[in-house]
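One structure is given below, encoded as structure tokens.
The values are calculated or read from the model by the stated rules, or taken from the named source; none is laboratory data. What you are looking at is a predicted structure, and each value in this text was computed from that prediction instead of being measured. All Cβ positions, glycine included, derive from the backbone under ideal geometry; neighbour counts span all protein chains shown.
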Amino acid sequence: MKLYDAPGPNPLVVRLFIHERGGLEFDAETVDIMNLANRGLQYRQQVNPRGEVPALVVLEDGQLITEITAICEYLDEIAKGGKSLFGATPEERAITRMWTRRVYLEICHPLVSWFRNGADTVDFYRGNRIPVPEAQLSKSAKVL
């Protein structure tokens, strides 16, 4: 496995999970997001067409896993030893998924949308946005 990492909040979640979970081995490569390496053609063609980090490539078959919850759930299932951080029973896993979704909808998504659509951030990403709904500008963002 190979984890494409970066100094940012989403990759930090995966790194913290890996640290707490234990029993995992893989290669890691840091992506220079401050110079938009993740938005460049090479990264999008060779790693993740959406230009996002973190990204986990399962080397056995080259399958790409993105999105922090999916990456963490996968790592939790394949870890050797230790205790699952998602729960040992269907009920525990359901409660974990419920709270993960609530935190995303009520805290993370509004915060990230506010940050990504700020005037300085819009200018930073100008010409480097990947055309997905999340990349759309809010009404309050300045457009040149």
Among the candidates Ile71, Ile107, Ile95, residue that is without any contact (Cβ under 8 Å) to a residue 40 or more places away in the chain, farther than 26 Å from Asp123 by Cα and either in contact with a strand residue (DSSP E or B) (Cβ under 8 Å, 6 or more places away or on another chain) or assigned by TED's automatic domain parsing to the domain that holds Asp120 (or both): Ile95
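A quick yes/no check of all residues on (1) modelled with pLDDT of 95 or more; (2) closer than 19 Å to Arg15 by Cα; (3) in the same structural domain as Pro11 (by TED's automatic domain parsing); (4) surrounded by 12 or more Cβ atoms within 10 Å (Cβ to Cβ):
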site: Val53; (1), (2), (3), (4): yes, yes, yes, yes
site: Glu60; (1), (2), (3), (4): no, no, yes, no
site: Arg101; (1), (2), (3), (4): no, no, no, no
site: Arg116; (1), (2), (3), (4): no, no, no, yes
First in the stretch 5-32 and assigned by TED's automatic domain parsing to the domain that holds Val57 and part of a helix (DSSP H, G or I), second anywhere and crowded, with 18+ Cβ neighbours inside 10 Å and among the acidic types (Asp, Glu), Cβ under 8 Å, 6 or more apart: Asn10/Glu52; Pro11/Asp5; Val14/Asp5; Arg15/Asp5; Phe17/Asp76; Arg21/Asp76
Members of the stretch 51-83 found to be part of a loop (DSSP other than H, G, I, E, B), closer than 24 Å to Arg97 by Cα and under 18 Å from the mean Cα position of the chain (by Cα), listed by number: Glu52, Val53, Pro54, Glu67
Check on Arg102, free of Cβ contacts under 8 Å to residues at least 40 places away in the same chain and over 19 Å from the mean Cα position of the chain (by Cα): no
